[in-house]
Amino acid sequence: MLLLVALGLSLAQWQQRRAEEKIARAARLEAGNLAAPLALTAAPLLPVDAEAIEYRRVTVTGHFVPAWTVYLDNRPYRGQAGFHVLTPFQIDGSTMHVLVAQGWLPRNNADRTRIADYSTPTGTVTLQGVARLNAGHVMQLGTAAPLLPQAIVQNADIAQLAQASGLAFQPLLIEQTSPESAKLPVRDWPAPDLGADKHRGYAFQWYALALMAFLFFVFTGCRRANKSP
């Protein structure tokens, strides 16, 4: 009984902490949407700094490095299979880069490796978007192959791309929102999966399990006491 109660309380409290983390993330998302865009510079960010500005609107000036574009597979949009286009962006006047999610492209159902025509801006451009720590992760079977230019992959993180390309990266990604592109029109980025209510529900279930274990112990103990001579 003590083991079940302890387990139930421990798991319930863990789910409560998860819910509180999601609530704090939702607050950061709302604050980031309301705040003025933050100008991203070439000064190297620490991971803790990148975490502090996640969900903030940011703006940066520089140029794209399309040679090291990679395509994230299994990113459906409104029921249609497709890719997210990730391209390094060299920050103006430096060798520092930031990874930019340019947008979504539909997948060619007849030939998965055929990428739809799209346009990456050339020359110096100022873009705006939302800072994220990563591009999200989907289930992947087996070991991922080394990243190559123009590769179609399930997942790609910033450190992995930095190692493969030899480029210096800020520890965050920008989900681009502007300027608009006629050949890459879909930038309807999915909202973060917050789901605080789900964790509250799980916490309630674990608290209920702990209570049931305690009441069962009390009930069976009373029955045994009443049957004793």
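Odds and ends about this structure:
- Sites Asn33 and His137 - FRET efficiency at Förster radius 35 Å, r taken between beta-carbons, to 0.05: 0.90
- Using 0.36 nm per residue and subtracting the Cα-Cα separation, the extra length available between Ala159 and Gln13 on full extension is 49.2 nm.
- Modelled this way, with points 7 Å down the Cα-to-C-beta line, the labels at Glu180 and Leu167 are 2.7 nm from one another.
- Across region 38-51, rounded Karplus estimates of 3J(HN,Hα) from the backbone phi angles (6.51 cos²θ - 1.76 cosθ + 1.60, θ = phi - 60°) give 9, 6, 8, 10, 7, 4, x, 8, 7, x, 5, 5, 5, 5 Hz, Gly and Pro being marked x.
- Accessible surface ranking for His84, His137, His63, 1.4 angstrom probe, highest first: His137, His63, His84.
- Efficiency of FRET from Cβ geometry, Ala6 and Thr220, R₀ 25 Å, rounded to 0.05: 0.85
The values are calculated or read from the model by the stated rules, or taken from the named source; none is laboratory data. The shown structure was predicted, so the numbers you read here are calculated from the model rather than taken from an experiment. Here Cβ is always computed from backbone atoms with ideal geometry, including for glycine, and neighbour counts include all displayed protein chains. With ligands, DNA and RNA removed, areas are computed over all heavy atoms of the protein, side chains included. Shrake-Rupley method; radii C 1.70, N 1.55, O 1.52, S 1.80 Å.
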